[in-house]
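Take a look at the structure below.
The values are calculated or read from the model by the stated rules, or taken from the named source; none is laboratory data. In this text, all values refer to a predicted model and were calculated from it rather than measured experimentally. Methodologically, a virtual Cβ is constructed for each residue, glycine included, from the backbone with ideal geometry; neighbour enumeration extends over all protein chains shown. Side chains included, ligands, DNA and RNA excluded: accessible areas come from the protein's heavy atoms. Shrake-Rupley method; radii C 1.70, N 1.55, O 1.52, S 1.80 Å.
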Amino acid sequence: MRIRSFAACVALASLFCLAGWSSLVRANALSVLAQEKSDQPKVSAGEQKAAEAIISALDAAAKVKAGAAFVKKYPKSSLRPRVAQALANEIADVKDAAQKITLAQEYQTIFKEPSDQELIVPVLVDGYADAKRFDEAFAAGAEFLKSNPDSIRLLVRLMALGTDQAKQRNGKFVEASLQYGAHAIQLIESKKMPAGMDAATWKHYESNLPVLYQSMGILSLVKGDRSEAKTRFTKATELAPADAFNFLMLVDIFDAEYQDLAKRYQAMPSGKAKNDEYPKVVAAIDKVIDALARAIALSEGDARLEQARLQSIKDLEIYYKYRHNNSTEGMQQLIDKYKVAAKP
């Protein structure tokens, strides 16, 4: 029995997204210009007034225009980095995709430092993605990464976009997304926090490392690399042992391995070689049973996974009974063993 088809795995994956990655590009709109005075650099009254004009401007387009006036008049101002960040934040919050693209491109003509582009290119990529101009999104990202290969904001954003497209059965960007994701993981694991990134944002990237591995697993599945998908999902379970989704994905990978072993075993002639193969088949089905039990235990109460959970219960009963003389005795105890204890 094959538990789920590849199409079903992709459908299940589509219930999940890389929530929060876009928000990592920015703080809260113009909050960086409205901090406590004690945290503000010393500036002239004119600079302060010009910065306040950005905050008071009515919409994103007006704020960008006010920002351009600020930079033109005070190009060396100590407030300039905050102005750049604030305007990137504001553009990121624009809902209309066409306007977001236009404003991001206008921003690029005003703020030309690499640190400025680091802020706005992920926003431009978002705009292209919102407009379903995916080729342009990846082209813009790839162009920036040529000279800024360690831009983790952009690496993660492109990988997230590629993963989302893979879930929609568009595999065009899988290879590039795998490369971007692998490099992002390398940067995080080697603790290479980018210059200019605050500690809180970096910590958010570190805490979402399991999600990166999960996405790499999805991309590997779409690519057809079952072995690599298993490695990625297994790592995700190690980093986030309470995430049921990873075990659901591993169930199908383990089951495929079991099916391959069982077919080979059945085709072998009787003899020592076949006898030696049998423990491998048993171990393979036991891995499926264990992963099913974990997935069932951890998915309890998760509405997104309810349908998959119910199917997993049926699958576990079939496999468990096959391994235990048609009995389910001990099955519930196995599930209960993997339930996460409620916090007091």
Task: Label point 7 Å beyond Cα of Q307 along Cβ direction - residues of region 229-253 with amide nitrogen under 19 Å - done: 244-252
Open item on the list: Would you report the distance distribution of C-alpha pairs in region 43-183 as whole percents per 10 angstrom bin, up to the bin with the largest distance?
Closed with: 12, 40, 29, 14, 4, 0
TODO: Could you list the residues of region 78-121 with an amide nitrogen less than 20 Å from a label point located 7 Å from the Cα of D198 in the Cα-to-C-beta direction?
DONE: 78-94, 115-121
TODO: Using the structure shown, list the pairs from K167/K321; K203/K287; K49/K100; K235/K339 with a Cα-Cα distance above 24 Å, or answer none.
DONE: K167/K321; K203/K287; K49/K100
Task: the chain - mean residue ellipticity at 222 nm from DSSP helices (-39,500 (n - 2.57) per run, n ≥ 4, rounded to 500) - done: -22500 deg cm²/dmol
- [ ] Give me the lysines in straight-line cross-link reach of K42: C-alpha distance below 18 Å, same-chain residues under 8 apart excluded.
- [x] K73, K76
Open item on the list: Over the chain, with a Gaussian network built from C-alpha contacts below 10 Å, which listed residue (D135, D198, D252) shows the highest mean-square fluctuation?
Closed with: D198
TODO: Round to the nearest 0.05 the FRET efficiency obtained for K65 and L239 when R0 = 45 Å and r is the Cβ-Cβ distance.
DONE: 0.50
- [ ] Send over the semi-axes of the chain's equivalent ellipsoid, whole angstrom and largest first, taken as the square roots of 5 times the C-alpha gyration tensor eigenvalues.
- [x] 50, 20, 16
Open item on the list: List the trypsin sites (Lys or Arg not before Pro) within region 265-344 that DSSP assigns to loop and that have no more than 16 neighbouring Cβ atoms inside 10 Å.
Closed with: K339
Task: Residue-count net charge about V156 - beta-carbon cut-off 13 Å; Lys, Arg +1, Asp, Glu -1 - done: -3
Task: Solvent-accessible area of L261 with every protein chain in place, 1.4 Å probe, in Å² to the nearest 10 - done: 30
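Mean separation of Cα pairs under 8 Å and 6+ residues apart, divided by the residue count of the chain: what relative contact order is that in percent? It would help to have the intermediate numbers written out before the result.
Working: 378 pairs, mean separation 45.3, N = 344.
Answer for the chain is 13 percent.
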- [ ] Using only Cα atoms, locate the centre of region 172-199 and the centre of region 233-282, then give the distance between them in Å, rounded to an integer.
- [x] 31
Task: Rounded to whole Å, sorted largest first: equivalent-ellipsoid semi-axes of region 144-190, Cα gyration tensor - done: 20, 11, 8
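Please work out the average accessible area per residue across the chain, using the 1.4 Å probe convention, and give it in Å².
Here the residues of the chain average 50 Å² of exposed surface.
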TODO: Quote the FRET efficiency, to the nearest 0.05, computed for D225 versus I55 with a Förster distance R0 of 41 Å and r equal to the Cβ-Cβ distance.
DONE: 0.25
TODO: Provide, for q = 0.23 Å⁻¹, the log10 of I(q)/I(0) from a solvent-free Debye sum over equal Cα point scatterers in region 203-261.
DONE: -0.84
Task: Range of Cα positions in region 248-327 per principal axis (Å), largest first - done: 49, 25, 14
Open item on the list: Using 0.36 nm times the number of residues separating S327 and E175, minus their current alpha carbon distance, what extension gain do you get?
Closed with: 50.2 nm
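As a test of understanding, state the convex hull volume per residue of region 49-114 from its alpha carbons, in Å³.
Details: hull volume 4.9 nm³, N = 66.
Hull volume over Cα atoms, normalised by residue count, gives 75 Å³.
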TODO: Could you pull out every whole DSSP H run in the chain that spans at least 15 Å of Cα extent along its own axis and averages -1.0 or higher on the Kyte-Doolittle scale?
DONE: 45-56, 60-73, 80-92, 97-110, 114-130, 134-147, 152-167, 174-189, 209-223, 244-267, 272-299
Open item on the list: Calculate log10 I(q)/I(0) of region 190-344 for q = 0.16 Å⁻¹, where I(q) comes from the Debye formula with a single equal point scatterer on each Cα and nothing for solvent.
Closed with: -0.97
